Every structure is written in C-alpha cells, then in structure tokens.
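Working notes, structure below.
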Amino acid sequence: MSEQNVEPVVHDLGGLLRWRAEHDPDGVTYAFLDGFADRKNWHERRLTNRELEFRARALAARIQRHAGPGDRVLVLNQPGPDYLVGIFGSLLAGAVVVPAYPPEATRLNRGLDRVRAIVADAAPRCVLVDEPAGVSGSALRDAAPGVEWIVSATVSPEWADSWTAPQADAGGLAALQYTSGSTGQPKGVMLSHRNLLENLRAGRDAYGIAGRMNGVFWIPPYHDMGLIGGILMALYCGGRAHLMAPFAFLRDPLRWVHAMSRHRGYVSAAPNFGYEMAARAAEADPEAVRGLDLSHWRVAISGAEPVHAETLERFARAFAPAGFRRDAFHPSYGLAENTLVVTAQPGGASLARLDPAELERHRVREVAAGSAARTVVGCGPSADPGQRVEVVDPARRTPVPAGTVGEIWVGGPSVAQGYWGKEPETEAVFRARLATGEGPFLRTGDLGFLGPDGLFVTGRIKDLIVLHGRNHYPHDLERTAEEAHPAVRSGRCVAFPVGGDRGEELVLALEAAGRPAPERQREIAAAVRERVGEQHAVAVREVVLVPRGGIRRTSSGKLQRSAVRAAYLSGEYPPEDRARAGYEAPRDEVEQAVADAWSRVLEVERVGLRDRFFELGGDSLKAARLLADLDGRLGYRLTLADLATVHTVAECAALLRSAARAPRHGGADIQVDLG
C-alpha cells in the first residue's frame, strides 16, 4: 500500500498536514484551475504537500507573533492558494481559524456588513488578506482596533524557522464556521479538531472514497461543503482536489463538467442549483457534451440545500451521452452544527411521492403515479454508525411514530461544541434531551421522517430560507421590503419559500396602507422586487398584496409565517398583477445586444429599454450568467461591481459603450456570495 493511501494517525488538522508533507512530500493534494480562456482551456497551478506545509509554517510563525493558542484568525483571502495557506497557517499556529469571504461593497454582495459582524463577534487577533488596498481606510479597521492585518503573500519564507509547534489537542477548537445568512446576528459554530476528523472519517466511509479522492470542486473555501467536503477531505484521504473559484463556475457551469472529464474525477459535490445550472447549460448547447467522458464520476454529492428530483433527472439525462450514470448521485443531508454531513444516500436517488395535504399535517402518505404529489428525495441513512439520528416530536421530546414527520435530532461525535459566545442558544440547540433523559442531541430545526432507505427531509421548523445554497433570514428580507416603499405597512410583511421548478423560490406577502389602485399596487411590487434584489441578490417569485388583516400575527404580535404561507398556497390571497410597463424598443445595436442577452439569461421573451433586471427575476447567479453571456458573445469583460451600478437595459448599454473589450485584471469579479 502506498504512503498516500495509508490512514494517518493524527490528533489535529495541523498534524494531518505535517503527516502528508512527511510521508508524501512531492504529492500534489491541491491544484488550482484559473485563467479560463474558454471551458476547455485553463491554467493549472499546483502545490506539493511539502510546499504547502512550508508556506503554512512560515505564516504560522508570523501569526504566533500576535496570536496565542485559541486566539481567532480571520481568513479574508480570495479563493486560491493563499486561502489554503491561511487556513493551514492558522491551524499550525495553534489558533482558531475563521474562514470568511473578502468584503465587497456592492449591491450584489453584502459581504462588508457580514465581515464587520463576524469581526465584532469573533474578536480575531489577526486578519489575513491578499493586499492592504480594499481594507485599509474601511470601517473594518475601525471595528477591529488592535488587530494585526497580515498580507499573506508578503510573509517571508524565513519565518518558517521560528515556528513553534503547538500542543496537539483533539478536543481543542479548530474553527469557527459562521453560518451563512443574516449579517446582523452571526453565529459561529465551534468545531473541534475531533469534530472535523470524525466527520471526515464518516464522509470518507459513507461515500466510499478512500483511495479514490480525485475530484473538481468550485464551492468556495469559506463554505462548509467546500472547506470540509472538498479541501480537508482531499488531505484526509490522500487524494487530489482540483479547485476553481466559484465565479469561474458561475460564468460557465460547463467548466466544472469539462474539468471533471479531463481529470477523470471520481467525486464532486454541489448544491442542487449547481447541478441545475450545469444541466441547463448542457441543454442549451448539446454539442458541448460531445467528447466528454464522465464515466469515472461515481460520487456526485448533492447537499447544502433541498435536493430536487427534477434536477437530478435533468442532469443525468443531459450528461448520459458522456457516460454519467444516475446511480452516481448521493443526495445528502448535513449542516454546519454537525460539522458537515449527517446522512448520505449510498448511490442513486430514493424517491417518495407524498400526498401534499397530508404532508402539511405532518403525516406521510405515499400516493400512486398520476395523483397530485410532492416528490421528496431521500438523503440516506446515518453517515456514521456511531451517530444517532432521531425524528422527534419537539413538544413531547419523544420519537414520532412511523409515518409521521418530526424534528430531526442528531447525536454523535460530529456534533459541534456550540455557538461561539452564545451559551443560551448553545444550551437550547446542542444539549437537547429526550423525555427519557437520553442525549445530548443537536436540534437541527429541520423536519423529516425516517423511511426504509433512511432520512427524508421535508422542510424546516425554523424560518430560515435557503435560496441557491445561501441562507436568508426572513426578518432581513422583510425589513428590506418594508423600506422599499412608503405604502408598505411596518410589521405587516412576511417572507417565505415555496417550491419551484428550479428549487426554492421567494415569496413576499405584505399589507399596504389604504386601498391602493391596481397601478399603485404594481408600483409597490416593483419597488419591493427591485430593493430586495439589490440588497440581497435574490429574485422574488411573487409580491402579494394581501387585504388588511391578511398577515396573521399571534396574540403577542409575532408574525405567523407558516400560517401566511399556508394561506398563499391554498389560493387565499389574490395573485400579483405582473403587467409590465409599455415596451420601449432598443435604439441601436448595443442596446439590442444587451436586450437579447437579458432575454436569454432571464428567459423573458421580449426585453425593452426601460426594463429593470431585478423586476424581471434577476439575482446574483443570473447576474454572473449575464456577464458570461456578454463576454462570450460580445467580448465585454465586466465585473459584478460594474453590473451593480446599472438597473436597466439602457444603463447597461451605456456601460458597455464606455467599457473596453479587453480582459480586466484583479479580483473584483471573483467574489460571489454562496455561503
């Protein structure tokens, strides 16, 4: 057996890197794919295990000048080699790594507010960045007095000689994984080295990737699926992870699939929307599938958001000519509070066709083909034999009977230590016990039931809304909607998700002052859709203006979001009048080209000069696709920051007229908020 496939006996992640560097120094665990000329041609940068360990050790020594064991280090590098060096440098320093994404002060990305909140919560001693520009002079420095800002690339190799090895402690904190979503109240999930090593072992065994860990990953390194499921898993298994920036995938989803073909990838992972985007790209360009070989892709993990049967079928059908097999899918359930993976389907999709009305009552009743049904994708049995997964009645704290939906509770070695600095929430979420006293369990807040093939996830108790793999707190969306137009009544707006053809979609139900006329209603809805799109980079499926009193509240004044959602689904509220303003035709070739690009990306038949991007259903993912369309068809290299300054076809055309048709350099278009 080669050294690469020998399981290392280590107690912490820093020791894991040092073990690889010692036993396989010239092995390449990480290769970075960038500089894409098109979906078939790119540059590849490699780091040997020895090089990675040496650079991480030098950075660790630099960190140790300012941070001691247990101090936090915030990583704000762009995805790439420096991000990995930052992760492992922090761990080798004995510090607690806090992975985050670099702030971008654009309307398409609210990362600046989020990072400011993380800095306030985690109180890091050091912050790792690519360059001082962009953070110097910003509110971040003012919010973090006494913090050492380290430009990773400038750390001298000579620092490596002054590194001091920290005491290995499997129970010590390794990372704070901040849950995505609300910028106002971030929650740092405390992960120990033992948590991470146990979850890596469970994932390796559940997916059968020991000795086969070769894949392509575009999920960013600050997202738990990208960091743990891709980066750390490759180091743990002794395989290779080919990494690309998320924006490279969003510009052209087929880059991911082409890279899997070229590198004969065995495993990859993505949220549902990633498979959906790749499938639609293949359907739009069937010739792009010709010549691909995906027969080696045997583990296609789908997680991080609800898994949709239609997406799995669409992807399998689109890439079947390239040798992709349906049984390669491994639908999975996981969450940061359990490090990453909880359950994993062994291979293929297990589907349950359920009566929707019964499901709303938390009862499971399968229906025959041809009947109205909600199809739920099974996420398999527990990934870890030493882990206990229960479906519980949260009021009685007892396991529910067979055929009943309840809250998913998890107990085992992967359950995190709690939320950083939030003891009451830690006690409530991580230390639950059954009525018998058994526990402790993690209360996931998610709903599901146990079937013969394992766990089926049906929804969530908590109000968190997951759109394209990103978490959104309803009160954030509701506050933005209330601020969008003076006619929206304060405290009378509810945000909730509904199932759509491409996954979860956002609906906003609100009350307006007075009795607005139809034209006024359209004005309110347009303002809400535009403001929510700008502030949160999501598309709104429908803005529903409900009659006064239609937004249910409890006797104590709390919004009853589930009741409002049920009323919407039952057709109780009048549908939105989506009549568009009069069509104004483009006046020249540039405006026509922009209108055509918007039409293709937004899938709207006719786009006029004054149409607005978010009003037509635009979001951050469609913005990235629009940039790729303008680049591929017209040769314009814009960034998300550029696009954030325009709203209409006319404004976008004016921007193109002033832009040079030449590649731009720099990291502004790399950052995309995915987690």
If you go through Pro331, Pro321, Pro346, Pro306, the only one that is out of contact with any Leu (no Cβ under 6 Å at 6 or more places or on another chain), in the same structural domain as Gly380 (by TED's automatic domain parsing) and at pLDDT below 90 is Pro306
Since Ala336 meets every condition but one in (1) farther than 15 Å from Leu442 by Cα; (2) within 26 Å of the chain's Cα centre (by Cα); (3) aliphatic (A, V, I, L, M), which condition does it not meet?
(1)
Could you list all residues from segment 448-470 that are part of a strand (DSSP E or B) and either more than 20 Å from the chain's Cα centre (by Cα) or modelled with pLDDT of 95 or more (or both)?
Gly448, Phe449, Leu450, Gly451, Gly454, Leu455, Phe456
Quick one: in segment 563-587, of everything that is in contact (Cβ under 8 Å) with a residue 60 or more places away in the chain and not hydrophobic (A, V, I, L, M, F, W, C), which residue is nearest to Gly491 (Cα to Cα)?
Arg565
Please work out which one of (1) buried (at least 19 other Cβ atoms within 10 Å of the Cβ); (2) closer than 11 Å to Val649 by Cβ is the condition Arg610 fails and give its number.
(1)
Search segment 231-268 for residues being free of Cβ contacts under 8 Å to residues at least 60 places away in the same chain and in contact with a Ser or Thr (Cβ under 8 Å, 6 or more places away or on another chain), and hand back the single one that is nearest to Arg633 (Cα to Cα).
Trp256
Contact list, first residue from segment 325-346 and in contact (Cβ under 8 Å) with a residue 40 or more places away in the chain, second anywhere and in a strand (DSSP E or B) and of a type in the set (Asp, Glu), beta-carbon distance below 9 Å, six or more apart or interchain, is Tyr333/Asp446; Leu335/Asp446
Could you please give the count of residues in segment 384-411 that are at pLDDT below 95 and of a type in the set (Ser, Thr, Tyr)?
1
May I ask you to verify whether Gly208 is more than 30 Å from Arg116 (Cβ to Cβ) and in contact (Cβ under 8 Å) with a residue 60 or more places away in the chain?
yes
Only one of (1) surrounded by 14 or more Cβ atoms within 10 Å (Cβ to Cβ); (2) under 24 Å from Thr179 (Cα atoms); (3) of a type outside the set (S, T, N, Q) does not apply to Glu427, and that is (1)
Using the structure shown, decide if Gly491 is on the phi > 0 side of the Ramachandran plot, in a strand (DSSP E or B) and not assigned by TED's automatic domain parsing to the domain that holds Gly334.
yes
Among residues of segment 164-190, those that are of a type outside the set (A, V, I, L, M), modelled with pLDDT of 90 or more and assigned to a loop (DSSP other than H, G, I, E, B), counted:
7
Tally up the residues in segment 481-506 that are closer than 22 Å to Arg460 by Cα and touching a helix residue (DSSP H, G or I) at 6+ places or on another chain (Cβ under 6 Å), please.
6
Hey, Arg280 in contact (Cβ under 8 Å) with a residue 12 or more places away in the chain and in contact with a strand residue (DSSP E or B) (Cβ under 6 Å, 6 or more places away or on another chain) or not
no
Of those in segment 559-607 that are part of a loop (DSSP other than H, G, I, E, B) and of a type in the set (Phe, Trp, Tyr), the residue surrounded by the fewest Cβ atoms within 10 Å (Cβ to Cβ) is Tyr583
Would you mind stating whether Leu434 is assigned to a loop (DSSP other than H, G, I, E, B), surrounded by 15 or more Cβ atoms within 10 Å (Cβ to Cβ) and of a type outside the set (Gly, Ala, Ser)?
yes
Being within 16 Å of Ala654 (Cα to Cα), surrounded by 14 or more Cβ atoms within 10 Å (Cβ to Cβ) and within 25 Å of the chain's Cα centre (by Cα) is the requirement here; does Leu616 meet it?
no
Considering segment 317-346 alone, what residues qualify as being touching a helix residue (DSSP H, G or I) at 6+ places or on another chain (Cβ under 7 Å), over 30 Å from Lys187 (Cα atoms) and not hydrophobic (A, V, I, L, M, F, W, C)?
Pro321, Arg326
Based on what the data block shows, is Ala539 free of Cβ contacts under 8 Å to residues at least 40 places away in the same chain and in the same structural domain as Leu559 (by TED's automatic domain parsing)?
no
Select from segment 337-357 the residues that are buried (at least 24 other Cβ atoms within 10 Å of the Cβ) and aliphatic (A, V, I, L, M) and list them in ascending order.
Leu340, Val341, Val342, Ala344
Which residue is surrounded by the fewest Cβ atoms within 10 Å (Cβ to Cβ), if the candidates are limited to segment 7-27 and must be touching a residue at least 40 places away in the same chain (Cβ under 8 Å) and aliphatic (A, V, I, L, M)?
Val10
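The values are calculated or read from the model by the stated rules, or taken from the named source; none is laboratory data. Note that the structure is a prediction, hence the values are computed from the model and not measured. Heads up, the Cβs are rebuilt from the backbone with ideal geometry, glycines too, and the neighbour counts pull from every protein chain shown.
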